[in-house]
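Note sheet for the following structure.
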Amino acid sequence: MTNRSTAIPQLSWSDVCGRRLDRHGLSAPVRDGTPADAVAAMCGAHAQVLSAAEVSIGLRVAGATRADVADALWRERSLVKTFGPRGTVHLLPTRELPLWTGALSAIPPSSTTMPADARLTPDQTDEVIAAVAAALADAELTIDELSTEVVARTSPWAADPVVPAFGGRWPRWRQAMHLAAHRGALCFGPNRGRKVTYTSPRRWLPGLQPAPAADALAGLVRRYLHAYGPATPQQFAQWLSAPRRWATELFDSLASELEEVEVDGSPAWVRAGDTEPPPTPPHGVQLLPYFDAYTVGCHPRNRLFPGPAAQRALAGGQAGNFPVLLIDGTVAGVWHQRRSRRSLDVTVEPLTPLTVAERRELDDRVERLGQILEEKPQLTIGTVLVGGHA
């Protein structure tokens with residue numbers, strides 16, 4: 001995996017933070033970019049909480065608001081809401097759907113605790129995905145409507161209530177829902193009142209065809225290392241929720257494109273030649289929302305969440321469950337927002353006292369948060385009493 005034709009470049013943790021902040025548009029928001037550009041740069045915006053995705057994107061695009069993200073998603077259709085890395089809801093750039101579907105559908109399936117007699121067979125999985133694609137080709141369906149269509153287009157086994165769910169059991173076919181998105185058969189449509197709908201991503205990108213697996217996976221590794229490198233195959237596997245051995249073999253297959261570096265003495269990889277430190281040290285205060293890509297994708301965790309930050313801002317070692325205060329690229333606290341009647345109450349809990357300059361910049365960050373969410377903000381420095389997001 002290593003190109004040892006020259007001495008191994010050395011990078012400090014400060015160098016790594018500076019590179020990542022620059023490439024995420026967090027050192028300074030991009031002035032001529034679009035929401036789709038920002039999402040491409042961070043390799044997808046986690047959208048389990050859509051308002052959090054709006055903030056993630058708005059932080060990275062100068063002057064952008066939640067309305068701009070909504071326009072990109074539902075009017076321009078330059079963004080698509082679908083199941084992305086780790087099978088979680090993401091916004092992805094529409095133009096990159098061939099790469100994402102090609103790569104995500106090529107990841108080996110993870111182990112399952114589902115009893116053998118409850119699982120879908122490979123043939124049943126293919127049948128379900130074909131049914132989903134046909135049902136959604138020109139429609140926006142709620143989950144119940146989609147379920148009715150899938151069962152009608154397959155067989156009664158698809159309706160068997162065997163999948164454990166909140167307060168009950170889902171029908172068997174829903175085991176293939178994320179895979180249907182990964183193969184380009186399903187994405188989210190606009191809400192119908194309070195109900196979620198699903199539709200076909202080909203309504204965003206006509207003629208969508210997943211890219212060949214090898215090309216797509218290589219492209220995804222390149223994008224990941226640009227945004228989150230230096231990184232290891234194990235960290236890439238964690239980001240995708242993929243098998244570690246598979247990720248190591250993938251990095252090995254791309255050895256000619258990768259270069260080993262050392263970060264404070266620990267080995268990691270970047271794209272070959274991409275070893276320069278940033279022009280300036282990491283700097284600035286940021287308020288990153290739930291599941292922000294920087295928080296979730298950056299490693300090692302013990303450097304990103306140093307000391308008390310690991311206890312306060314990680315949930316059982318999992319990143320993203322708390323909105324975080326970021327100072328100079330490293331987690332330095334948590335925060336929470338409460339919205340009511342067009343007001344935005346923001347509580348920030350720093351883990352160490354803020355300098356005068358940091359407090360001044362925090363005021364600016366809260367003001368920017370209000371601009372993104374189109375509400376008037378009010379800042380309180382104090383203890384955050386709300387627990388982590390599930």
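From the list Glu149, Glu145, exactly one residue is charged (D, E, K, R), touching a helix residue (DSSP H, G or I) at 6+ places or on another chain (Cβ under 7 Å), surrounded by fewer than 18 Cβ atoms within 10 Å (Cβ to Cβ) and part of a helix (DSSP H, G or I). Which is it? First the steps, then the outcome.
Details: Glu145 fails: touching a helix residue (DSSP H, G or I) at 6+ places or on another chain (Cβ under 7 Å).
One residue alone meets the criteria, Glu149.
Only one residue in Ala309, Ala332 is farther than 14 Å from Val16 by Cβ, surrounded by 20 or more Cβ atoms within 10 Å (Cβ to Cβ) and without any contact (Cβ under 8 Å) to a residue 24 or more places away in the chain, so which one is that?
Values: Ala309 fails: without any contact (Cβ under 8 Å) to a residue 24 or more places away in the chain.
The unique qualifying residue is Ala332.
Quick check on segment 232-283: of everything there that is of a type in the set (Asp, Glu) and part of a helix (DSSP H, G or I), which residue is farthest from Asp15 (Cα to Cα)? Before the answer, list the steps.
Here is the first cut: in segment 232-283, the ones of a type in the set (Asp, Glu) are 249, 252, 257, 259-260, 262, 264, 274, 276.
Then drop every residue that is not part of a helix (DSSP H, G or I), which leaves 249, 252, 257.
Values: Glu249: 28, Asp252: 25, Glu257: 21 Å.
The selected residue is Glu249.
Which of (1) at pLDDT 95 or above; (2) within 27 Å of Asn191 (Cβ to Cβ); (3) not β-branched (Val, Ile, Thr) does Ala165 not meet, given it meets every other one?
Result: Ala165 passes all but (1).
Filter segment 340-381 down to the residues that are exposed (fewer than 14 other Cβ atoms within 10 Å of the Cβ) and assigned to a loop (DSSP other than H, G, I, E, B) and list them by number.
Arg341, Arg342, Thr352, Pro353, Thr355, Glu374
Residues Val89, Val163: which one is touching a residue at least 40 places away in the same chain (Cβ under 8 Å), more than 13 Å from Ala181 (Cβ to Cβ) and touching a strand residue (DSSP E or B) at 6+ places or on another chain (Cβ under 8 Å)?
Numbers: Val89 fails: more than 13 Å from Ala181 (Cβ to Cβ).
None of the others qualify; the one that does is Val163.
Right, Gly25: free of Cβ contacts under 8 Å to residues at least 60 places away in the same chain, on the phi > 0 side of the Ramachandran plot and in contact with a helix residue (DSSP H, G or I) (Cβ under 6 Å, 6 or more places away or on another chain) or not? Give the derivation first.
On the way: free of Cβ contacts under 8 Å to residues at least 60 places away in the same chain: yes; on the phi > 0 side of the Ramachandran plot: yes; in contact with a helix residue (DSSP H, G or I) (Cβ under 6 Å, 6 or more places away or on another chain): yes.
When the stated conditions are applied, Gly25 passes them.
Any residue in segment 51-67 that's surrounded by fewer than 19 Cβ atoms within 10 Å (Cβ to Cβ): show its pairings with residues that are of a type outside the set (Ser, Thr, Tyr) at Cβ separation under 6 Å, as long as the two are six or more apart or on different chains.
Hits for this filter: Ala62/Pro29; Ala62/Arg31; Thr65/Ile372; Thr65/Glu374.
Do the conditions hold for Asp117, that is, is it of a type in the set (Asp, Glu), at pLDDT below 95, surrounded by fewer than 17 Cβ atoms within 10 Å (Cβ to Cβ) and farther than 25 Å from Asn321 by Cα? Write out each step before concluding.
Working: of a type in the set (Asp, Glu): yes; at pLDDT below 95: yes; surrounded by fewer than 17 Cβ atoms within 10 Å (Cβ to Cβ): yes; farther than 25 Å from Asn321 by Cα: yes.
Criteria met by Asp117.
Give me the pairs, please: first residue somewhere in segment 182-204 and in a loop (DSSP other than H, G, I, E, B), second residue anywhere and of a type in the set (D, E, K, R), beta-carbon distance under 6 Å, and either six or more positions apart or on two chains.
Close Cβ pairs (under 6 Å, with a partner that is of a type in the set (D, E, K, R)) amount to Trp204/Arg77.
Got at least one residue in segment 116-126 being at positive phi, part of a helix (DSSP H, G or I) and in contact (Cβ under 8 Å) with a residue 12 or more places away in the chain?
In the first step, residues of segment 116-126 are kept if they are at positive phi; the result is none.
No, the conditions are met nowhere in segment 116-126.
If the requirement is being out of contact with any Lys or Arg (no Cβ under 9 Å at 6 or more places or on another chain) and farther than 25 Å from Val69 by Cβ, which of these qualifies: Pro190, Pro206, Pro164?
Working: Pro190 fails: farther than 25 Å from Val69 by Cβ; Pro206 fails: farther than 25 Å from Val69 by Cβ.
The unique qualifying residue is Pro164.
Quick check: is even one residue across segment 183-205 touching a Ser or Thr at 6+ places or on another chain (Cβ under 6 Å), loosely packed, with under 15 Cβ neighbours inside 10 Å and at pLDDT 95 or above?
There is at least one residue in segment 183-205 that is touching a Ser or Thr at 6+ places or on another chain (Cβ under 6 Å), loosely packed, with under 15 Cβ neighbours inside 10 Å and at pLDDT 95 or above.
What pairs can you find where one residue is in segment 241-253 and on the phi > 0 side of the Ramachandran plot, the other is of a type in the set (Lys, Arg), and their Cβ atoms are less than 6 Å apart, with a gap of 6+ or different chains?
These pairs meet every condition: Ser241/Arg86.
Of the residues Gly33, Gly18, Gly84, Gly102, which single one is surrounded by fewer than 20 Cβ atoms within 10 Å (Cβ to Cβ) and either over 28 Å from Ala216 (Cβ atoms) or not aliphatic (A, V, I, L, M) (or both)? Step through it out loud before you land on a result.
Details: Gly18 fails: surrounded by fewer than 20 Cβ atoms within 10 Å (Cβ to Cβ); Gly84 fails: surrounded by fewer than 20 Cβ atoms within 10 Å (Cβ to Cβ); Gly102 fails: surrounded by fewer than 20 Cβ atoms within 10 Å (Cβ to Cβ).
The unique qualifying residue is Gly33.
The values are calculated or read from the model by the stated rules, or taken from the named source; none is laboratory data. What you see is a predicted model; the values in this text were computed from it and never measured. FYI the Cβ positions are ideal-geometry reconstructions off the backbone, even for glycines, and counts take in every protein chain you see.
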